[in-house]
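Enquirer: Submitted below is the structure of interest, expressed as structure tokens.
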Amino acid sequence: PWTTLSASVLARTQFWHIMTDTPVHPKEPYVLELSGATPSGEMLPSMLAKSLAPCLKTIQTQPISIGASSPSEALSFTGTTLPIVPPLALKATLANPTGPLTNLQPLRDQTMNQLYSLYKNGASPAQQQYIDSMVTSQNQVRNIKQNLLAVLDSIKDNTADSQMTAAIALIQMNVSPVIAVHIPFGGDNHHDALLATETSQTVAGVATIVNLMAQLQAAGLQDQVSFMTLNVFGRTLGAGNTNGRSHNPNHQVSITIGKPFKGGVIGAVGPVSPDYGALPIDSSSGAGTSGGDVKAVDTLAAYGQTMLAAVGADPSVIGSITSPGGTGKVITGALA
């Protein structure tokens, strides 16, 4: 399925082999805290948001979660749990409703035009130029917002594809620096005969990513938006796992796509009793090897540090992450 991504997207797509060191579903928040490696228990999405908000000048600093499938996937920001706002709820909140308030908009415009003429007639040339620029800006902002709200109005459900449509609209509105979504890739498939559900969801999940990349390209955002994934744990890989897979604390695959990343594979998989797990990583090349300078237990922290480095976070923020084995660091071989 991954071959359905365009060559230009694959050239900046990475597959990361890392371990989260937990087989427990409710520990998703803990994994988002890089298993205790972040300062004050801050989640990686929130650390990314805090680093990005000042330069992006977003309306809010907090991330927005529009795709969590369970309360355990809810994000937190400086200790406060953030609400989950699925696409249909976002549409109901932001889409322009019909009614008296909306109908009053033309009357407001007429009044504002009269005030504009009054002020402009008594203004100096410099003041007139300033007033003209402000009116133009107001019209541009209104037109952009209305166009984007019309996009939200087209959303009919909370599926992964609808989440992508909502996410792109929120990015274009410059609401938040981080948007969290949920793409199914098999889920908790203990009794998935012949891995049929995993297979169909993998094909559909990749198609959703293809759709996202196409929308980013159409919006001219392909160099401004990075896509990152993280799972609470992976699944067992060994022989006999054809009728469902069990939880694997030693390995999961994360995907990153964006301008900051070199295309390829970071890390590797090797035998880890009783199944397979992530190997240590050589930080300079990104290769998975038993002699890597980043221990397997520290690959989750290294992943978080590398994501922060990829978006230009301050070195002090990156350095505030302390990995359990003490070898976590930026995987420089992953960065373009």
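The values are calculated or read from the model by the stated rules, or taken from the named source; none is laboratory data. Treat the numbers as computed from the prediction; the structure is a model and nothing was measured. Glycine also receives a Cβ, built like all others from the backbone with ideal geometry; neighbour counts cover every protein chain displayed. All accessible areas refer to the heavy atoms of the entire protein, side chains included, with ligands and DNA or RNA removed. Shrake-Rupley method; radii C 1.70, N 1.55, O 1.52, S 1.80 Å.
Enquirer: Please compute the per residue accessible area over the stretch 185-226 with all protein chains in place, 1.4 Å probe, rounded to a whole number of Å².
Expert: 53 Å²
Enquirer: Now, a different point. Provide S162, S40 ordered by accessible surface of protein heavy atoms (probe 1.4 Å), highest first.
Expert: S40, S162
Enquirer: Hey, another quick one. Comparing N113, N231, N147, which has the greatest mean-square fluctuation in the GNM of the chain with Cα pairs linked when under 10 Å apart?
Expert: N113
Enquirer: How would H182, H191 rank on accessible area, largest to smallest, probe 1.4 Å?
Expert: H191, H182
Enquirer: To the nearest 10 Å², what's V265's accessible area with a 1.4 Å probe?
Expert: Answer for V265: close to 90 Å² accessible.
Enquirer: Taking all protein chains in place and a 1.4 Å probe, what share, in percent, of the accessible surface of the stretch 194-243 do carbon and sulfur account for?
Expert: Values: 1380 of 2450 Å².
Answer for the stretch 194-243: carbon and sulfur cover 57 percent of the accessible area.
Enquirer: Right, here's the next one. In nm, give the distance between the simple-model label positions of L237 and A207, each being 7 Å from the Cα along the Cα-to-Cβ direction.
Expert: 2.7 nm
Enquirer: Now for a different question. Could you sort Y116, Y30 by their accessible area in this structure, using a 1.4 Å probe and putting the largest first?
Expert: If we order Y116, Y30 from most to least accessible, we get Y30, Y116.
Enquirer: Next question, about the same structure. Output the antiparallel fraction of DSSP beta bridges having both residues in the chain, as a percent to the nearest 5. Please report the intermediate quantities before stating the final value.
Expert: Working: 19 of 26 bridges.
Of those bridges, close to 75 percent are antiparallel.
Enquirer: Further question on the same structure: Grab the Cα-Cα distance for H25 and L10, subtract it from 0.36 nm times how many residues apart they are, and report the gain in nm with one decimal.
Expert: So the chain would gain 2.3 nm between H25 and L10.
Enquirer: Which one of A126, A296, A89 has the biggest mean-square fluctuation once the chain is modelled by GNM with Cα springs under 10 Å?
Expert: Result: A126 has the largest fluctuation of those listed.
Enquirer: Taking every pair of Cα atoms in the stretch 250-336, average 1/r, invert it to obtain the Kirkwood radius, and report Rg/Rh to two decimals.
Expert: 0.96
Enquirer: Here's a follow-up. Using r as the Cβ-Cβ distance of A214 and L88, and R0 as 30 Å, what FRET efficiency do you calculate, to the nearest 0.05? Could the numbers behind the result be given before it?
Expert: On the way: r = 23 Å, r/R0 = 0.75.
That pair, A214 with L88, gives E of 0.85.
Enquirer: A follow-up question, please. Averaging over every viewing direction, what projected area does the convex hull of the Cα atoms of the stretch 205-252 cover, in nm²?
Expert: 4.7 nm²
Enquirer: Any idea what angle helix 196-218 forms with the longest principal axis of the chain, computed on alpha-carbon atoms, 0 to 90 degrees, nearest 10?
Expert: 40 degrees
Enquirer: Report the accessible area of T78, computed with a 1.4 Å probe over the heavy atoms of all protein chains in place, in Å² rounded to the nearest 10.
Expert: Estimated to the nearest 10 Å², T78 gives 80 Å².
Enquirer: Right, here's the next one. Would you please state which residues of the stretch 287-304 a label at V265 would reach in this model, taking the label point 7 Å out along Cα→Cβ and a backbone N cut-off of under 12 Å?
Expert: 287-289
Enquirer: Can you compute the modelled spin-label distance between T3 and Q60, with each label point 7 Å from Cα toward Cβ, in nm?
Expert: About 4.3 nm separates the two model spin labels.
Enquirer: Tell me, what is a quarter of the convex hull surface for the C-alpha atoms of the chain, in nm² with one decimal? Each step should come with its number before you reach the end.
Expert: Numbers: hull surface 81.3 nm².
Seen from a random direction, the Cα hull of the chain projects 20.3 nm² on average.
Enquirer: Find the centroid of the Cα atoms in the stretch 252-266 and in the stretch 313-336, then give the distance between the two in whole Å.
Expert: 16 Å
Enquirer: Cα-Cα over 28 Å: which of K50/K156; K262/K295; K57/K91? Display every interim value, and only then the final one.
Expert: On the way: K50/K156 32 Å; K262/K295 22 Å; K57/K91 23 Å.
Among K50/K156; K262/K295; K57/K91, the Cα-Cα distance tops 28 Å for K50/K156.
Enquirer: Continuing with the same structure: For helix 125-153, report the angle its Cα long axis makes with the longest principal axis of the Cα atoms of the chain; keep it between 0 and 90° and round to the nearest 10°.
Expert: 50 degrees
Enquirer: So how much accessible area does F185 have, in Å² to the nearest 10, using a 1.4 Å probe?
Expert: 80 Å²
Enquirer: Here is a follow-up. Given the DSSP H assignment, sum -39500 (n - 2.57) over each helix run of at least 4 residues in the chain and divide by its residue total; what's the result at 222 nm in deg cm²/dmol, nearest 500?
Expert: Working: 11 runs with 134 residues, N = 336.
One gets -12500 deg cm²/dmol as the mean residue ellipticity at 222 nm.
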